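Q: After the structure tokens below, expect a handful of questions from me.
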Amino acid sequence: MVNKAAVEVVPFSSLQKHIHPFQTDCRNILREPKAVWDQFEIIKMPNQEVMQLKISGELQEDLNIRFWSRRILLYDKKNKPLPPVILPLVNLPLKADTGKFLISLNVPLDAQMIAVPLELFGDERFRYLIRIKGVSAEMKVTAMPMLDKVGKDFCSRDLMWAGLGLMGSVQKQDTSPIVTTLDQQSFTFDTLSFERRWNWKTERSIRLQAYTSTFAFNNLLNTSAAERIYNIKGDVAFTKRHWTYRNPLFKVQYGYLLGGEFERRAYSFVKSATEAGIGTGMHVSATGGGYAELFSHNNKWYTDVSMRMHPFYMGIDHTYSGFAVSGTLGLGYALDYERSLGVYTYGTFFQGQHTGSDDKDNSKVSIFETHLEFRYGWLF
């Protein structure tokens, strides 16, 4: 008796929904291999305790075929497991020079469901679990792609954040030629931020971040005022395909950042023993650093960590020099495949020299600034 059935091949693209919401298949890992499957055959011979399973087809690209596991899983008509068929240790390619392949297996007669692990391999790997049901009735064959066997080597998705939060800042200035020390602190809840990231190439991405917040000068030699800070950062993020790390809780992708920053910031200076002034200065700086992105295995949480050095400054309307360090720590949660919520904290420490347009606006400056934000995100 011969029982035949065509193969229903589930596409790899259907597995997109199983990867992390903050990742995407930028390397085309979930493409379909060029393969044609013939009908599967079950041949039952009279007076035999086993039946023969025949799998045949043709590979139409530079791939070969083999088993990716030695265990052929079997189940009876009540869906209870039977002792599996154990294949020999030697696992040779099964394709002929023409691209055609024919696989023949002997399985017990009482098996009603068979699971065959097959892999198409070459420069890339495509793993299937072939499920054969209804061996003695109306047979159904399904080729299920296996996501955990194709590498999970995905890229971060393009995303956009909009945030609202608070800023705490401490600004210390040792002024000259009127020598004094100005210690100012500001705490405001009016930070607005925007961040956009997109993949430029497979291993390159662009990051753009901007925020504005208010620094309030209070009781500064009988002077009070508030000036807004404007900050824009741009980075090119570099990574490598093998720059990843995995453990039971999460996967990490990391790389390095090169970019620049523009900032407009307010400074105070002493005009006389009883009078102070407030001015603003704009400057640009070069930045370099690294980043890491953590993707939890439960496909919900995302963590973003970055650190930058600012070794070079150039004032646009003032003289500005020094050294700074900035960093970001963010936690994102996917609401669905297109929306997310996030909590981000980021800050900067700067120490250097400032000379403004007023001849009395000279000071050594130390700044520590930190932000806490709640964000709403869009995933593309």
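The values are calculated or read from the model by the stated rules, or taken from the named source; none is laboratory data. Values in this document were obtained by computation on a predicted structure and should not be read as measured data. The area values use the complete protein model at the heavy-atom level, side chains included, leaving out ligands, DNA and RNA. Shrake-Rupley method; radii C 1.70, N 1.55, O 1.52, S 1.80 Å.
Q: Gaussian network model of the chain, Cα springs within a sub-10 Å range: biggest mean-square fluctuation belongs to which of P81, P311, P33?
A: Maximum among the listed residues: P81.
Q: Treat region 3-150 as a sphere of radius equal to its Kirkwood radius over Cα pairs and apply Stokes-Einstein at 10 °C in a medium of 1.306 mPa s; give the translational diffusion coefficient in µm²/s, rounded to a whole number. Walk me through the intermediate numbers first.
A: Details: Rh = 16.3 Å.
It diffuses with D of about 98 µm²/s by this estimate.
Q: Round to a whole angstrom and tell me the spacing of the C-alpha centers of region 310-380 and region 87-144.
A: That distance is 57 Å.
Q: Counting only DSSP beta bridges with both residues in region 3-150, tell me the antiparallel percent, nearest 5. Walk me through the numbers before you get to the answer.
A: On the way: 46 of 49 bridges.
Close to 95 percent.
Q: Which residue, S14, S340, S213, has the most motion in a Gaussian network model of the chain that connects Cα atoms within less than 10 Å?
A: Ranking S14, S340, S213 by mean-square fluctuation puts S14 first.
Q: Here is a further query. Can you send over the carbon and sulfur percentage of the accessible area for region 30-142, probe radius 1.4 Å, protein chains only?
A: Taking all protein chains in place, region 30-142 shows 50 percent carbon and sulfur surface.
Q: For region 290-370, what size does the Cα cloud have along each of its three principal axes, sorted from largest down, in whole Å?
A: 58, 21, 19
Q: Counting only heavy atoms of the protein chains, get the accessible area per residue of the chain (1.4 Å probe) and round it to a whole Å² value. Intermediate results must be reported in sequence, preceding the final value.
A: On the way: 18860 Å² over 380 residues.
Per residue, the chain has 50 Å² of solvent-accessible surface.
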